[in-house]
Amino acid sequence: MSARLRYVEDPPPELVPVYEETKKATGRVLNITRLMAHHPPTVAPFQAWYRTTREGPLDLRLRQLAYVKTSQLNRCEY
């Protein structure tokens, strides 16, 4: 499935640090971040939330299980 909006490759100046942080943490800028960049005020709160899911107390296997179960409950493909 492709995005309906184009990804923001060159972010506005206020999002450059967010893009850099994401690249440092994950090796790339996630597509969700590049889409959300169309509305810059949403990016920083999302990044803060995402950081807690990525770095929270659960180990990787349990986090992945939580992602899959949440997707199933919401009838989403994962």
Practice task
May I ask you to give the percent of accessible area on the chain that is carbon plus sulfur, with a probe radius of 1.4 Å?
Solution key: 58
Handout entry: Solvent-accessible area per residue, Å², over the chain with all protein chains present [probe radius 1.4 Å]
Key = 81
Practice task
Within the chain, what's the longest run with no GluC sites (Glu not before Pro) in a DSSP loop and at most 10 other beta-carbon atoms within 10 Å? Give the range, please.
Solution key: 10-76
Handout entry: Label selected from (1) 43, 22, 21; (2) 31, 29, 24; (3) 36, 29, 21, the criterion being Cα extents along the principal axes in Å as computed here
Key = (3)
Fill in the blank from the handout: Between Ala66 and Asp10, the two model label points (7 Å from Cα along the beta-carbon direction) sit apart by a distance in nm of 3.8
Fill in the blank from the handout: Between the residues Cys76, Thr52, Ala25, the Cα farthest towards the positive end of the dipole of the chain, that dipole coming from +1 and -1 charges on the beta-carbon of Lys, Arg, Asp and Glu, is from Cys76
Fill in the blank from the handout: Computed for the chain: size of charge dipole around the Cα centre, +1 on C-beta of each Lys and Arg, -1 on C-beta of each Asp and Glu, debye to nearest 20, value 320
Fill in the blank from the handout: Here the longest stretch of the chain that holds no trypsin sites (Lys or Arg not before Pro) in a DSSP loop having at most 14 other beta carbon atoms within 10 Å is 29-74
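The values are calculated or read from the model by the stated rules, or taken from the named source; none is laboratory data. A quick note: this is a predicted structure, and the numbers were derived from the prediction, not measured. Note that each Cβ is placed from the backbone with ideal geometry, even for glycine, and that neighbours are counted across all protein chains shown. Each accessible area value is taken on the protein alone, full model and side chains, heavy atoms only, with ligands, DNA and RNA left out. Shrake-Rupley method; radii C 1.70, N 1.55, O 1.52, S 1.80 Å.
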